[in-house]
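Undergrad: Attaching a single structure in structure tokens format; questions to follow.
The values are calculated or read from the model by the stated rules, or taken from the named source; none is laboratory data. Keep in mind that what you see is a predicted model, and the values were worked out from it rather than measured. Neighbour counts run over all protein chains shown; Cβ positions are idealised from the backbone, glycine included. Accessible surface is based on the protein model in full, side chains and every heavy atom, while ligands, DNA and RNA are left aside. Shrake-Rupley method; radii C 1.70, N 1.55, O 1.52, S 1.80 Å.
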Amino acid sequence: MEQLSERLRLQRDNEGHQLRLLSRTDMVRFCNRVAFLAKTGVFGAHHRVNVIRYVRNIVNRIRVMGLTGPGQVLEGLPADFALSIQDIPDEPEDTG
């Protein structure tokens, strides 16, 4: 979630604080940034998979718990601010 938060702070004029303005584009940018960090060796390919999987699970859990509904803490979070199973990269092959 820290990686996602950092992306929103850096890429959005409102630093991601206006939930209604978040979109699928923000998630795609997040995935691209995580891929870049893995490709440049900031962290490994397994970590890339785990970060994206974790963010997907948390965002899905937020929705299941109803936290995006009226009067809730994340009211107005758009439905397309999400990751699908297809967004999770394949597990890298071990080269050992």
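Undergrad: Got a sec to turn the phi values of the stretch 19-28 into Karplus ³J(HN,Hα) couplings, 6.51 cos²θ - 1.76 cosθ + 1.60 with θ = phi - 60°, whole Hz, x for Gly and Pro?
TA: 3J(HN,Hα) across the stretch 19-28, in whole Hz: 4, 5, 8, 6, 8, 4, 4, 5, 5, 5.
Undergrad: On a 0 to 90 degree scale, rounded to 10, what angle separates helix 2-11 from the longest Cα axis of the chain?
TA: Taking Cα atoms only, the helix is inclined about 70 degrees.
Undergrad: So what are the ³J(HN,Hα) numbers for the stretch 44-59, from phi and the Karplus equation (6.51, -1.76, 1.60; θ = phi - 60°), rounded to whole Hz, Gly and Pro as x?
TA: Taking θ as phi minus 60°, the curve returns x, 5, 5, 5, 4, 4, 5, 4, 5, 4, 4, 4, 4, 4, 5, 4 Hz for the stretch 44-59.
Undergrad: Students often get this wrong, so try it: which of (i) 26; (ii) 18; (iii) 23 is percent of Cα pairs over 23 Å apart as calculated from the structure shown?
TA: Derived directly from the coordinates: (i).
Undergrad: Below 13 angstrom from the Cβ of Asp26, what's the summed charge of the other residues (Lys, Arg +1; Asp, Glu -1)?
TA: Summing Lys and Arg as +1 and Asp and Glu as -1 gives +2.
Undergrad: Still on this structure, I have one more. How high is the FRET efficiency from Asn57 to Leu19, r the C-beta distance, R0 22 Å, rounded to 0.05?
TA: E(calc), rounded to 0.05, equals 0.70.
Undergrad: Can I ask one more? Add -39500 (n - 2.57) for each DSSP H run of 4 or more in the chain, then divide by its residues: what number comes out at 222 nm, to the nearest 500 deg cm²/dmol?
TA: Computed mean residue ellipticity for the chain: -16000 deg cm²/dmol.
Undergrad: Please give the Cα centre distance for the stretch 57-96 versus the stretch 1-34, rounded to the nearest Å.
TA: 13
Undergrad: Could you pull the accessible area for Met27 with a 1.4 Å probe, rounded to 10 Å²?
TA: Counting only protein heavy atoms, the figure is 0 Å².
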